[in-house]
Amino acid sequence: MDLAAFRGHLSVVEWLFTNRAQGCSDQTMDLAAKGGHLAVLEWLSEIGGESCTTDAIDGAAAGGHLAVVEWLHAHRSEGCTRAAMNVAAG
């Protein structure tokens, strides 16, 4: 599921979530953010209980995914580290 989230394959993430007992890992949202896949993040957020870490904004910033950074800032409380600022500064 993590790789599907990283690559933005929302339909695969949905299918795996529905058909596997394990659900999401603690990295699924982080990897979706790193890959720049806002639709995956929004879906994971809608199903509830999915968490992310500061790696989410850090990874999105490193990939230049501004819309994802903005969404995470508005909808999540994990924040970011100095790494996000450093990669944004170039």
(request) Counting other beta carbons within 10 Å of each Cβ, put 51, 11 in order, fewest first. (result) 11, 51
(message) Can I get the semi-axes of the chain's equivalent ellipsoid? Compute them from the C-alpha gyration tensor as square roots of 5 times the eigenvalues, in angstrom, largest first.
(response) 23, 12, 10
(request) In debye, nearest 20, what is the charge dipole magnitude of region 2-89 about its Cα centre with +1 on Lys and Arg Cβ and -1 on Asp and Glu Cβ, if you could check? (result) 160 debye
(message) Assuming 0.36 nm per residue, please report the length gained on full extension of the stretch residue 51 to residue 39 beyond their Cα-Cα distance.
(response) 2.8 nm
(message) Over the chain, what is the relative contact order in percent, taking alpha-carbon pairs closer than 8 angstrom and at least six residues apart?
(response) 25 percent
(request) Report the local net charge at residue 56: Lys and Arg +1, Asp and Glu -1, summed over other residues whose C-beta lies under 9 Å from its C-beta. (result) -2
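Throughout, read-outs are computed from the coordinates displayed, never taken from laboratory work. Because the structure is a prediction, the values reported are computed rather than measured. Because the Cβ atoms are built from the backbone with ideal geometry, glycine has one as well, and the counts that use them run over all protein chains shown.
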